[in-house]
1. Among Val265, Thr452, Ala340, whose Cα projects farthest towards the positive end of the dipole of the chain, with charges put on the beta-carbon of Lys, Arg (+1) and Asp, Glu (-1)?
2. Using 0.36 nm times the number of residues separating Thr230 and Thr188, minus their current alpha carbon distance, what extension gain do you get?
3. How long is the stretch 186-282 along each principal axis, judged by its Cα atoms, biggest number first, in Å?
4. For the pair Leu170 and Thr33, what calculated FRET efficiency results from E = 1/(1 + (r/R0)^6), where r is the Cβ-Cβ distance and R0 = 22 Å, to the nearest 0.05?
5. On full extension of the chain, what length is gained from Asp320 through Glu163, given 0.36 nm per residue of separation minus the C-alpha to C-alpha distance?
6. Given labels modelled 7 Å from the Cα in the Cβ direction, how far is it in nm from Glu132 to Val484?
7. Write down the Å³ per residue value for the convex hull defined by the alpha carbon atoms of the stretch 124-208.
8. Can you compute the modelled spin-label distance between Ala41 and Lys345, with each label point 7 Å from Cα toward Cβ, in nm?
Amino acid sequence: MKNLKYIFLVVVGLTLYSCDEDLLDVKNPNTLTEDQFWASAEDARLGVNAIYAMQYKPGLWSRWIYFRYDLTSDIGYSKSPWIELADWTRFQYINYNFWEGQVQTWRDHYKAIYRCNQVLANVPDIDMDETEKQLILAQAKFFRGFYYFNIANLWEDAPIVLEPSSPEDLPEKRTQAEIWEQVVTDMTEALAVLPPSWDDTNVGRPTKGAAQAFIAKTYMQQHMWNDAKTALDYFFTGEGSGLYSLVPNFKDNFTHLNENNAESVFEIQFSDANFGGGDGEVPNASMGNNRAQFFAPGGIGWSDGQLRHWVVDEFKKELDQDGNLDERLRHSAIYSELEADFGDKTYGRDWQWGPDDAYFRKYQRDYYRDNEDYFSQVNLRLIRYADILLLYAEVLNELGNTAQAYQYVDEVRARANMLPLATAYPAIGVDQDLFLERLKVERVLELCGESTRWMDLKRWGDLNTQARVDAIALRDPDFNNFVVGKSHRLPIPQVDVENNPNLDQHAEY
């Protein structure tokens, strides 16, 4: 259902005005001030919907964050002629104020948090139905935790702001551990109120399952395996058991034809309704996803983001039970041998491919059109049940329950018609290290291009030593630029450091 997308068309602009002594600050009599706005139940609804509208901002899920999560990892890269943009995917951070690669994403995270804080500060005092009020507050807590989750992954140490901010505020930098703690606090409080599912009109709002997934991911990034298992138990032995399942067709997770399906745990709702709309605070602001335009091959897109060919090669190392190539490959990658391998003539055109050229196919629209634009309506499945299954297997393995972990990997492999893991790789046995090494591959085959890989590399400690980084560099030469102890996180935008004496730049930068 796309109903929720149209609710998000209403974006609330809440402006803080400067002091009265500035005579040039002329207030628009037709614009509500913050003090005037938070008065009714409808204001509360508009306030929470303004949080959702942040998903469509370029610094977040409409454009640039994929450069951070997918292209910076070892499965992606950029050959963009925009050199500075490409440099920010290969650890060559020269200008810490680079807008598209850095500042806009930082700004939009805190802008989203500001909107969450406005709801949390003002909605409790509004006279309205208490059940609806608590649901609105729970959504605000979920999204505040959601955006701090990204901050902890990308910048690690950063300010924690829990009240509506003003231009005079100078928040202090907090540690990554403190931010992780805040994520768990917000998600846990949201979890207590969020429903297991919503009605059709509200599909797309976060559920208990979404909150549990982010709690589990937060604990896993800290290697808190028992706590992570408790959160993930929700899906297997808890209230969420039976709510989610893998859809039969892997491709259905990446088109606009079967959205919000049984596999979707948390999904960002995109729409092409406002075709041509900008990204400002206007009623016709775009709600489309720009990813396809930036990641499509040249001629149909900008080809600013590409898939490392080693991923294609990895798919081809194991045939399915019928002796065919893994079907997931054709839906995950656009590459030079695609037509020869599967008969797919991408976008209906004859392309001249270089031998190492490959592109992310997920979320491209070649299944029904021959070009891309900035207004893709295809929803982003940010957390799928397949991810949950593989995470649960990883947690069980870390806790010494390797034999029990196999079944959850096998469920993912079975959809792709692959042999059970123990049959295909009997040498693994119950060796935890061997199981994890194979699981790393399983996550690439299932989830490549879904903004999980950067977090995976960090969680596995693959960025912590020169030997491990050197191993990554064999398949992704951009990692020859990676500096251990530095490149695992982004610098803080220098403009923020210079304007806030309480905010120090990361020492390594």
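1. Ala340
2. Full-extension gain reported as 13.9 nm.
3. Reported extents, whole Å, longest axis first: 48, 35, 26.
4. 0.40
5. Gain on stretching Asp320 to Glu163: 51.2 nm.
6. Going from the Glu132 label point to the Val484 one covers 5.7 nm.
7. Enclosed volume per residue, from the Cα hull, is 120 Å³.
8. Rounded to a tenth, the inter-label distance reads 5.8 nm.
The values are calculated or read from the model by the stated rules, or taken from the named source; none is laboratory data. All values derive from a computational prediction rather than experimental measurement. Heads up, the Cβs are rebuilt from the backbone with ideal geometry, glycines too, and the neighbour counts pull from every protein chain shown. Calculation scope for accessible area: heavy atoms of the full protein, side chains included, ligands and nucleic acids excluded. Shrake-Rupley method; radii C 1.70, N 1.55, O 1.52, S 1.80 Å.
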